[in-house]
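A short worksheet on the structure shown next.
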Amino acid sequence: MIERMVLFGASGDLTGRLLMPAIAQLAEAGLLPPGFTVAGSANTDWSTDDFRHHIAAELEKHSAVPSATRDAVVRMLTFQAADVTRAQDVSRLFGADHPNTLVYLALPPFLLESVLPALADAGLGAQDAVSIEKPFGTDLASARHLNVRLSTTLNGPERTAEIRQLEARSTPPRFTAYAHLLLEMLRGDPMLFIRGDEAEESWRVIDP
C-alpha cells in the first residue's frame, strides 16, 4: 500500500488548485492510508511552514471540506527545495529507506527526460509508483521517445515502477476527477489509467 506521496512541482498552480483539494476530499471521506504524508518539492526557496501556509490558503479557496479536515491535511505536509534533475537532491528527498511512495510528477514535458535518471538513482522499488501529469510529451515523436526513456530508465530488473499517466474517464458524483484518480493510484488499481502505447495513439489522432 502507498504510504506517502512525493510531489514534484509542489509550488505550481495544479497542486494548490486540484491535487491538494483532491487529497482533502479523500481525507474527509476517510480514504487515505493510515499515516499518509505528502512531501512537496520544487525549485523554490520555501520551508515546510511556507508550503503549509500556501496550501492552507489554496484549500480555503478551492476545497469545500470542513476546516478541521483542511487543517489535518496541512499537517501531513513537508517541503524540501530541490532541483529535480539532480540525483543527489532527489535521493535526499526520498531517504535511504523510504516507505512505499507515489511519485507525482506535476512537471512540464520538457523536464521529464532530465528527471528520470535522477528518479532511477533514488532507488524506486516494486511497491513504488510514478504518475506523470498530462500531456505525455508534446507530439507523437516526443511521446514515443518518452516511452522508450521510461522503460529503459525506470523498468530495469533491479528497479520496478508502475508508469501511469492521468486520463480521467469516469468520476463518482461526490469526487472530483483528481480525487478519484488519486484514490485509484493509492489502491494500485490501473483501470482508470492509460498505458504509454495508448498515450502514443492519442497523439497519433492529432499528429499523424
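The values are calculated or read from the model by the stated rules, or taken from the named source; none is laboratory data. This one's a predicted model, so the numbers in the text were calculated from it and none came from an experiment. Positions of Cβ are generated from backbone atoms using ideal geometry, with glycine treated the same way; all protein chains shown enter the neighbour counts. Heads up: the accessible areas ignore ligands, DNA and RNA and are worked out on the full protein's heavy atoms, side chains in. Shrake-Rupley method; radii C 1.70, N 1.55, O 1.52, S 1.80 Å.
Being basic (Lys, Arg) and without any contact (Cβ under 8 Å) to a residue 40 or more places away in the chain: is that true of Arg70 here? Considered against the rule, which asks whether it is basic (Lys, Arg) and without any contact (Cβ under 8 Å) to a residue 40 or more places away in the chain, Arg70 comes out as no. Scanning the stretch 115-124 turns up one or more residues that are assigned to a helix (DSSP H, G or I), of a type outside the set (Val, Ile, Thr), at pLDDT below 85 and within 14 Å of the chain's Cα centre (by Cα).
Within the stretch 96-114, the residues that satisfy the criterion of being of a type in the set (A, V, I, L, M, F, W, C) and either in a loop (DSSP other than H, G, I, E, B) or open to solvent by less than 10 Å² (accessible area, probe 1.4 Å) (or both) are Ala96, Leu102, Val103, Leu105, Ala106, Leu107, Leu112.
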